[in-house]
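Peer 1: Before anything else, here's the structure in question.
Where a number appears in this text, it was derived from the coordinates with a stated rule and is not lab data. This structure is a prediction, so every number in the text was calculated from the model and none was measured. Cβ coordinates were reconstructed from backbone atoms using ideal geometry, including for glycine residues, and neighbour counts include every protein chain displayed.
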Amino acid sequence: MPTEDNASRIISNDEATTSNKHINKVGYLGMLAVDKSFRGIGIGTSLSIQALDRMRCLGCSSVVLETEACNKGAMRLYERLGFIREELLEKYYLNWGDAFRLRLWFC
């Protein structure tokens, strides 16, 4: 049985690339999971905001992620946070499901 202590997880990182002597750090949101019994009360939003704030503080210029195209809840969450659909990735997942690559640019 999940408790408030183990009902959610988020995995993220950042990576630096160099082009024309300019270092560009891009954050990556790898996974966000909230147990079904704890959804709808803002845990996913809170975790996402914390990860995004951390990536911004680390100097990332943007954050990217992929989510299943059919995952309407995730799409709503990320678009509410300011992510835009950057690319449709056909048959991206092992089950041949499509994904959207989303990006959030920090100003």
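Peer 1: Say R0 is 25 Å: what FRET efficiency, to the nearest 0.05, do residue 25 and residue 45 get from their beta-carbon distance?
Peer 2: My answer for the efficiency is 0.60.
Peer 1: Please work out how much length the chain gains when fully extended from residue 35 to residue 54, using 0.36 nm per residue of separation minus the C-alpha to C-alpha distance, in nm with one decimal. Display every interim value, and only then the final one.
Peer 2: Numbers: separation 19, 0.36 × 19 = 6.84 nm, distance 2.32 nm.
Difference between extended and current length: 4.5 nm.
Peer 1: Please compute the length gained on full extension between residue 79 and residue 94, using 0.36 nm multiplied by the number of residues separating them and subtracting their Cα-Cα distance. Could the numbers behind the result be given before it?
Peer 2: Details: separation 15, 0.36 × 15 = 5.40 nm, distance 2.47 nm.
Length gained between residue 79 and residue 94: 2.9 nm.
Peer 1: Can you pull out the trypsin sites (Lys or Arg not before Pro) in the stretch 72-107 that DSSP calls coil and that have at most 12 other Cβ atoms within 10 Å?
Peer 2: Sites meeting the loop and neighbour criteria: 91.
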